[in-house]
Structures are given as structure tokens and as C-alpha cells.
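Have a look at the structure below, then the notes.
Read-outs throughout are calculated quantities, based only on the coordinates presented, and are distinct from any laboratory measurement. Keep in mind that what you see is a predicted model, and the values were worked out from it rather than measured. Here the Cβ is made from the backbone with ideal geometry for all residues, glycine too, and neighbour counts use every protein chain on show.
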Amino acid sequence: MREVIEGSHAVAEAVRLARVKMMSAYPITPQTHIVEELSKYCAEGKINGSFMCVESEHSAMASVIGAASGGVRTFTASSSHGLALMHEMLHWAAGARLPIVMAEVNRALGPGWNLWMDQSDSLSQRDTGWIQLYCEDGQEALDTVLQAYRLAEILSLPVMVVLDAFFLSHTYEPVDIPDQGAVDRFLPAYVPKIQMDTKNPCALNQMAPPPVYMEMRRSMQSAMEMAPAVFGQVEDEFFSVFERRYGPVDAFFCEDAEVILVMAGTMASTCRQMVMDLREKGEKVGLLKLKMFRPFPSEAIYQNLRAAQKIAVVDRNCSFGVGGIFAQEIRASLYNRKDRPPLFSYIAGLGGRDITVQTLETIYRMTCEQAAPQPESVWVGLNEELFKS
């Protein structure tokens, strides 16, 4: 069934179709529409599950940790300062190897107080042990939530499905909503590997002294190392049912491109238009969209970038003191490679500022004109008068 719905509701539809049994959230703009829709589904009986209202995002994650430990499929959602408040519990969820799925709607962190788009909130949680998958449009958001449950339950790791504030969460577009039978064929009923059970008592989240702690963390790393291959298998299964796939990266006109722009999220759609416009003029430019960020798909990135003359990474985030986070990660992953094109790092669109076709063409032209990258990330679209003040 094809409907025109907003990105947030596409996520809620996927959670309904996944037959999630327990949802918990504290509403925070711009993820509120996700959990409002889910609470309505529960009240109307469209979801055979429970929705728990809590007093904070810390409690939201704590409650789904408890439910997942009890052996049921769970979901929550967050944004910005809510995600930051969850930080401690994100480590507990990953360390306990719980297959929780969370929708994270990228929003800037304060101060100043800002409701709009910025990737820094999710990227600041990159070391918590959660798989991170970034979405470009509403269809990808719905599909990725369904894939996330398969991935999480195979690997026993939590998954964060990330979507842009407002540009995706509040934008209406056509989305194919699959029927329940098709989803059930792809996503079978959850069978927990470990759960709290009075008939089979076990201890969870106990003290882990030095003789065992390191091995526990190595097992998490091993699961992360398996994730790209498992994600490929999940996508193959998804394609067999729904005839859609995304890949850990998505290459667009990269085969013969001399300059490749790299980015994640909705600005990739804008970049596709720029690439097509410039291709019509005979310019060899391409786009590499990053979907998977944790684990970092180093090999897929390398294979798509190795033949380019220059790489321009556009970050909607900043690690202060370093610069663009995607640029830094790609630079590090290419360091030991023989063929590594020079990487140009740009920061744009923080706090919801528009990234237009013209913005991306400016970045492309700057990359073409410069012989070598600047030592620091170049900020594009600044109001210089305001910056000077």
C-alpha cells in the first residue's frame, strides 16, 4: 500500500509491522511524532503491545532494557539532549547484548537552544556499542527499522536508526507500506537467546572483574566485525521479499568520477540533483552516501573512493578540536591504503541551516580549484559578519 506520510510516521508504521511488544519514550522535538503515533496505535489496538510513558529519556532506555531482558521486542526514540541523557544507559544496553532498536532524530545540541538538524547528537554516541544506520528518505526509514530488528536479533547488539530532523522526520512523501504477511515472512517472531525467566533463573548484568571483562568487550567487537556481512545477508533477504536494498554505502556515478562528494542523510538527495546537473555539463562528479557508520564500512568506502582524484566529505557535525567527524573517520580508514585520494573536509548546515544544490556545487568547485586540502575543516555558508562579532 502506497501512502503519503511523514518520515516519523514511516518509522511508527515499521514498529507496528515489526510486532513490537513494549515501547517507551519521553517525547522530545523532533521525535515526538513517532511516539505519539505509536501511543495512538496502542490505544486503538493496532499494536498488541504496551506503551510506557516515563519521566525522562534515561528512564525510557532503562525501561526498554528491562523489557528486552525479559525477552520481548522493544523500541524507543530520542533526539538531541534526550539522547545525551540516555548516554549511560546506551552502554548498559550494548554491554548486555540486548537487541533494542531506537529511532534517533538528529537535532542540534545547545546552547544556544536549537530544534533543527545536526548530526552531532548521534555521532557523539558512536563509541557506546550501538550499530548506527543513517537514512535518506521516508521509505529508507521504514525499511531500515525492519532490517534493524533482524540485524539486532542476529548479532545481539542494539541498533540506532538515524534520520534528519524536519527535513525527513516532518516531511511528507510517498512511502510503500508493506502488508503484515510480507513483513512476517522477513521478520519472524523474536526468540531471545537469554532472558529473565523464573523457571530458568539466571543472573544478568553482574560484576565483571578483570579476568572476564576484557573478553566481554572483545565479543562485542567481534559482533561489530560480523555486522557488515550480516547486514548484507539481511538486505538479501529483504530484497527477496520487498525488492529494495540500500547497502552500507550507496555509490551514485562514482565509477568514473574525478571528484566524489561523501555525506549522510537527506542532503544526499540534494547532492544527487547536483551530480545530475553537472553530469549533463560533462563534469565527472559522483556521490557516495554513507548509510552504515557503526561499524565503519571501511572496505566498501575504499573500493568506491580509490579511483577518484579528490574526495570532498561534507559533515553536518563537528568534533570540536578536530573538525568533521565523517571526514576524520574516512581519513583514518584510508591511512594504511596504497591508493588514497586527497580528502577535503567541509562543515555545513549546522543547526538546520539549508544545504542547497548551490551549497554543494560551491563545495565541489572549491575542491576542484584547490591543489591540496586545508589542514582543518572548511566551514561553508557562514555569515562572516555574525562570525566576526
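Laid out as a table, the results:
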quantity	calculated
Debye-sum result for segment 249-388 in log10 I(q)/I(0), which assumes one identical scatterer on each alpha carbon, at q = 0.14, 0.17, 0.21 Å⁻¹	-0.59, -0.89, -1.41
Calculated [θ] (222 nm, deg cm²/dmol) that DSSP helices of n ≥ 4 give over the chain, each run adding -39,500 (n - 2.57)	-13000 deg cm²/dmol
Orientation-averaged projected area, Cα convex hull of segment 176-241 (nm²)	7.2
Alpha-carbon Rg with Dmax, taken over segment 1-130, Å	14.2, 42
Pairwise Cα inverse-distance average, inverted: Kirkwood Rh of segment 138-248 (Å)	16.6
Prolate/oblate/rounded call for segment 74-162, Cα gyration tensor, a/c under 1.5 rounded	oblate
Contact order relative to length of the chain, as percent, for alpha carbon pairs under 8 angstrom and 6 or more apart	16
Neighbourhood net charge (13 Å Cβ-Cβ; Lys/Arg +1, Asp/Glu -1) for residue 28	-4
Rounded to 10°, Cα long-axis angle of helix 325-334 versus longest principal axis of the chain	80
Among beta bridges that DSSP assigns inside segment 2-242, antiparallel share in %, nearest 5	20
Of 295, 387, 246, farthest towards positive along the dipole that unit charges on Lys, Arg, Asp, Glu beta carbons give the chain	295
C-alpha long axis of helix 138-155 to longest principal axis of the chain, angle in °	60
Amide H contacts of residue 261 (H built 1.01 Å from N, under 5 Å, at least 5 apart or other chain)	286, 287, 288, 312
Highest-fluctuation residue, 354, 197, 164 considered, GNM on the chain with Cα pairs under 10 Å	197
Debye, to nearest 20: dipole size of segment 2-242, +1 on Lys, Arg Cβ, -1 on Asp, Glu Cβ	960
Net charge contributed by nearby residues that have their C-beta within less than 13 Å of residue 254 (K/R +1, D/E -1)	+2
Cα-based radius of gyration of the chain once divided by 2.2 N^0.38 Å, which approximates compact folds	0.98
J(HN,Hα) series, segment 374-386, from Karplus relation 6.51 cos²θ - 1.76 cosθ + 1.60, nearest Hz, glycine and proline x	6, x, 10, 4, 8, 8, 10, x, 5, 7, 4, 5, 5
Net charge of neighbours whose Cβ lies under 11 Å from the Cβ of residue 174, counting Lys and Arg as +1 and Asp and Glu as -1	-3
Sequence-distant residues sharing a close amide H with residue 52 (under 5 Å, placed H)	23, 24, 25
Listed residues 241, 145, 183, most fluctuating in the chain (Gaussian network, C-alpha, under 10 Å)	241
GNM result for the chain, Cα springs below 10 Å: residue of 52, 263, 102 fluctuating most strongly	52
